[in-house]
Amino acid sequence: MFIVNSYMLAVIFCFITMLCWGSWGNTQKLAGKTWRYELFYWDYVVGMVLFAALLGFTMGSTGDEGRSFVRDLAQADWRNIGSVVAGGAIFNASNILLSASVSLAGMAVAFPLGVGLALVLGVFINWFGAPKGDPVVLFAGVALIVAAIVCNGLASARMSSGRQSGGSNRKGLMLAVAAGALMSMFYRFVAAAMDLDHFENPTEGMLTPYSAIFVFSVGVLLSNFVFNTLAMRHPFVGDRVGYGEWFRGSAATHLVGMLGGAIWCLGTAFSYIAAGKAGAAISYALGQGAPMIAAIWGVFVWKEFRGADRRTGGLLALMFMLFAAGLSMIVAAGEKEPQTAARAELRAVPVIVETDMGNDIDDALALDLLYRAAREGKVEILGIGNHKLSATATDYIDILNTFYGFGSTPLAQGARLVANGEACDYTAAVTAMCDADGHPLYARTKSPEQIEESVAMYRRLLAASDDGSVTVISLGFATTLADLLSSGGDAISPLTGRELVARKAASLSIMAGSFPTATKPARAEFNIVNDIDAAVLLFDQWPTPIVCAPFELGRQVQFPGRIMAEGLDWAEHHPVVDGYRAYRPMPYDRAAWDLMSVLWVTAGEDLFTVSEPGRLSVDSEGYMHFEPCEGGTHRFLTATDAQAEALGRLIVETFTEELPADK
């Protein structure tokens, strides 16, 4: 289904909602010349249901994100369906009263009073039900809307005082107030049945915008047999009207009413769609800017204030200005989250690391950066997984965890391990080192029974994390992450692996791939060619943003071997130094490939040049491709010479800095 992924697009959708909700009443004015509003309302409801179905089978059934319209309806829990139907019934009662008010008092009066009151009450109801946005700015905007309503009421009173139809006008005002009170309640019933934070991966049993608007419209239709029948038999104005008169209406008259329902339905659907990004309160509030639109129609098109004196005109002008100012503040409320003390604190980024420890020494160097960032409170290491086929790789990671003070960090081994025998496995050399008494040189924390299976560890850690919080750092092959995406629901979580990642992960920082430079062609890069099928699946199916550090970036930044040759004066024995010395004959410098993906998470964007958004893919021969596209969620990193130099300095300064004694 189509999903809004940016706040500004959500605001645009809300403004379309405002235009639709403020304009559908024109169809009632057009039909009302020859057609009672009770009869018009049947056409309106039919148009609403038909258009909701059309939206479901078009926008609700396209795209790769979320559940399709039919599948979403089929899985919906009856309690959630009942909540949306109830919302439709409440709305229907309010809208019938509003339609009656329009027929008595006009659009320029009924909409600002009724819908404006609904805005004020509804924002409070929806914000306390699902708080999102800065409440101070939001409610200040609502206060301006209240002032606009007062101006509208004063202008209406001045007009009605000099007219013989003052009684009807007062009845219209009373109906508008009743309509507003009811209308403020319906949206919360609908929002409660939708998984507003996870349209792309909604909770089982809950509805998405397209199924919600369809069920809502059905609720309106069903309740209409009660509410509108009562209105026909006991009209607010005029004689009783029977169903026979509806069947005698012309096709053109019926189509005008159905158009009104379709216009309203489009606005409501866009409001539901935008709620996932803007929040229910802001989405509702912006849509309820409709009174200003309706007032513009009533004042300037239908001339409902024709003959008004200068003071009445001034009140109307002030009403428009207050509405505009209030709506602007409501938009600003969504862009500015309140800076509470908790939000102002620097929060550690939760990370899970996937490594092929032993294939290259850069994995060990990358973990050094990560441990130090964790000690500074920049990241929280939730777990580390390994997928290299090695008897000692996880033991070596356990040594590193213990040495740096993270011995309790969960550690896992993949069910599918990938062999690569091109280089010396330095993990075997370091784990075999002993002191003068023959005891292992480096302490360890975990027993073999405490090493988890990687996919199970990922699922456990993700399921226990806050939504959209975890950054995954991949320093090796795509094997385990592809297996995670392909995993099904289990006792840990009913969500599939892809659904779990979509809900819990924030991004993927990965070292992989190669891009051509001015002097060298692209290559089938090591981390990809060792499991091409997994890489293809990963870049095609991973549901969060991806930032890729390609081969060329790591090659641009070299770790100086002289540091390892000289050793560290503050550490007689160091597992990374010993691993570096065991990996290749000394002295040698080594490319900082994996370190780049860690530094992207721990050091930020300033040290890198980031590509435009697009889409990364891997072909059957292991070559990576990048296609720029608007709305793309993949990017790759490069570095200028100055940035590369700064990265190199940071790596050396970080590695050589003495660890605290309480490590």
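The values are calculated or read from the model by the stated rules, or taken from the named source; none is laboratory data. What you are looking at is a predicted structure, and each value in this text was computed from that prediction instead of being measured. So basically every Cβ, Gly included, is an ideal-geometry build from the backbone, and we count neighbours across all protein chains shown. Ligands, DNA and RNA are excluded from the accessible area calculation, which covers all protein heavy atoms including side chains. Shrake-Rupley method; radii C 1.70, N 1.55, O 1.52, S 1.80 Å.
Summary of computed values
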quantity	calculated
Among residues of the stretch 319-353, those that are open to solvent by 50 Å² or more (accessible area, probe 1.4 Å) and either modelled with pLDDT of 60 or more or touching a Lys or Arg at 6+ places or on another chain (Cβ under 9 Å) (or both), counted	6
Scan of the stretch 629-645 for residues that are more than 34 Å from the chain's Cα centre (by Cα) and surrounded by 13 or more Cβ atoms within 10 Å (Cβ to Cβ), ordered by number	E645
Subset of the stretch 627-663 [touching a residue at least 24 places away in the same chain (Cβ under 8 Å), part of a strand (DSSP E or B) and out of contact with any Lys or Arg (no Cβ under 7 Å at 6 or more places or on another chain)]	R635, F636, L637, T638
Unique match (being among the β-branched types (V, I, T), in contact with a Gly (Cβ under 9 Å, 6 or more places away or on another chain) and under 26 Å from D533 (Cα atoms)) among V557, V618, V547	V618
Number of positions in the stretch 429-445 that are open to solvent by 40 Å² or more (accessible area, probe 1.4 Å), in contact with a helix residue (DSSP H, G or I) (Cβ under 9 Å, 6 or more places away or on another chain) and either without any contact (Cβ under 8 Å) to a residue 60 or more places away in the chain or farther than 25 Å from R584 by Cα (or both)	4
Hey, I12 open to solvent by 50 Å² or more (accessible area, probe 1.4 Å), assigned to a helix (DSSP H, G or I) and in contact with a helix residue (DSSP H, G or I) (Cβ under 6 Å, 6 or more places away or on another chain) or not	no
Breaking point among (1) farther than 29 Å from L173 by Cα; (2) open to solvent by 40 Å² or more (accessible area, probe 1.4 Å); (3) part of a helix (DSSP H, G or I), for V226	(1)
Which listed residue is at pLDDT 75 or above and touching a helix residue (DSSP H, G or I) at 6+ places or on another chain (Cβ under 7 Å), from A118, A143	A118
Residue count for the stretch 411-427, restricted to those that are open to solvent by 30 Å² or more (accessible area, probe 1.4 Å) and either at pLDDT 95 or above or in a strand (DSSP E or B) (or both)	4
Test: residue in the stretch 450-458 that is among the polar types (S, T, N, Q), open to solvent by 50 Å² or more (accessible area, probe 1.4 Å) and either over 21 Å from A535 (Cα atoms) or at pLDDT 95 or above (or both)	yes
Pair list, Cβ under 6 Å, 6 or more apart: the stretch 68-96 residue farther than 19 Å from Y41 by Cα, other residue aliphatic (A, V, I, L, M) and not in a helix (DSSP H, G or I)	A76/L207; N80/A193; N80/M206; N80/L207; S83/A193; V84/A193
Checking E380 against (1) closer than 24 Å to E657 by Cα; (2) acidic (D, E); (3) touching a residue at least 40 places away in the same chain (Cβ under 8 Å), the condition it does not meet	(3)
Of all residues in the stretch 262-293 being open to solvent by less than 10 Å² (accessible area, probe 1.4 Å) and either touching a strand residue (DSSP E or B) at 6+ places or on another chain (Cβ under 9 Å) or over 17 Å from V115 (Cβ atoms) (or both), the one that is modelled with the highest pLDDT	A269
Residues (assigned to a helix (DSSP H, G or I) and over 21 Å from P545 (Cβ atoms)) located in the stretch 577-621	V577, D578, G579, Y580, R581, A582, Y583
Residues of the stretch 216-236 that turn out to be in contact with a Ser or Thr (Cβ under 9 Å, 6 or more places away or on another chain) and under 16 Å from A31 (Cβ atoms), as a count	1
Every pair of residues 6+ apart whose Cβ atoms lie under 7 Å, when the first sits in the stretch 289-311 and is touching a residue at least 12 places away in the same chain (Cβ under 8 Å) and assigned to a helix (DSSP H, G or I) while the second is open to solvent by less than 70 Å² (accessible area, probe 1.4 Å) and among the acidic types (D, E)	G298/E304
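Yes or no, residue by residue, for (1) surrounded by fewer than 22 Cβ atoms within 10 Å (Cβ to Cβ); (2) not in a helix (DSSP H, G or I):
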{"residue": "M48", "(1), (2)": "no, no"}
{"residue": "A52", "(1), (2)": "no, no"}
{"residue": "G66", "(1), (2)": "no, yes"}
{"residue": "I81", "(1), (2)": "yes, no"}
{"residue": "G88", "(1), (2)": "no, no"}
